[in-house]
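The block underneath contains the structure these notes are about, expressed in structure tokens.
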Amino acid sequence: LDDARVLAEAFRPSLAAAAAGGVRLPLLECRPLTEWSDRPVPRQPTGGYGGYRGGSWRPSRRRPACAYPNPGRYEEGKRLKQGMRVAFSGDTSVDRELLEDRATEAGLHVATSLSRLTSLLVTNDPDSGTSKVVKARQYGTPVVDEAAFGQLLRDVEPADGD
């Protein structure tokens, strides 16, 4: 829903500028995902769709449970610690799945949503108004950009007892 809202806000000025200049924009019909292929698109047990070709859309991947307890929030200037719960928001310059894999391999818990238990939010636009960034600010969850997160991933502290 956030992505649709952002697109609508970005598209609105284009419509106004086109109307002011007397330009017709080429608008295309939105078709259901099942119509994007010449053959039927079966629903996969993982929750994704098979047969889709192109774009950056990908089926969601189920990640293994994190083996470490959540040690709490990330504190600026300190190291990430195994078990910390990390969420991502918005586009990333490195493929999101690769970032998530790196975080998982480092012993972090990759979360798809943000809660009061989230240790850190990673986004390339910390000043954006996405719901995750707004929630992070409300909860007091630290927000870092992708480059800072990449640096933090280089030296993740072992969980207590390891």
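For this structure, a couple of remarks:
- Flag for Leu28 being modelled with pLDDT of 60 or more, among the hydrophobic types (A, V, I, L, M, F, W, C) and part of a loop (DSSP other than H, G, I, E, B): yes
- Residues of the range 76-104 that are surrounded by 12 or more Cβ atoms within 10 Å (Cβ to Cβ) and touching a Pro at 6+ places or on another chain (Cβ under 8 Å): Lys81, Gln82, Gly83, Met84, Thr104.
- Entry remark, the range 115-131: residues being buried (at least 21 other Cβ atoms within 10 Å of the Cβ) and not polar (S, T, N, Q) number 3 in total.
- Selection status of Gly47, open to solvent by less than 80 Å² (accessible area, probe 1.4 Å), of a type outside the set (Asp, Glu), more than 30 Å from Ala148 (Cα to Cα) and at pLDDT 75 or above: no
- Residues satisfying the stated conditions in the range 125-142, i.e. more than 22 Å from Ala4 (Cβ to Cβ) and in contact with a strand residue (DSSP E or B) (Cβ under 7 Å, 6 or more places away or on another chain): Thr141, Pro142
- Looking across the range 122-162, the residues that are in contact with a helix residue (DSSP H, G or I) (Cβ under 9 Å, 6 or more places away or on another chain), farther than 13 Å from Leu80 by Cα and assigned to a helix (DSSP H, G or I) come down to Ser131, Lys132, Glu146.
- Members of the range 90-121 found to be in contact with a strand residue (DSSP E or B) (Cβ under 8 Å, 6 or more places away or on another chain), part of a loop (DSSP other than H, G, I, E, B) and among the aliphatic types (A, V, I, L, M), listed by number: Leu108, Leu114, Leu117
- Taken over the range 77-89, the residue count meeting the criterion of being assigned to a loop (DSSP other than H, G, I, E, B) and of a type in the set (Gly, Ala, Ser) is 2.
- Residue ID - nearest to the chain's Cα centre (by Cα), chosen from residues in the range 105-114 that are surrounded by fewer than 16 Cβ atoms within 10 Å (Cβ to Cβ) and over 14 Å from Ala136 (Cβ atoms): Thr112
The values are calculated or read from the model by the stated rules, or taken from the named source; none is laboratory data. These numbers come from a predicted model, not from an experiment. Here the Cβ is made from the backbone with ideal geometry for all residues, glycine too, and neighbour counts use every protein chain on show. Each accessible area value is taken on the protein alone, full model and side chains, heavy atoms only, with ligands, DNA and RNA left out. Shrake-Rupley method; radii C 1.70, N 1.55, O 1.52, S 1.80 Å.
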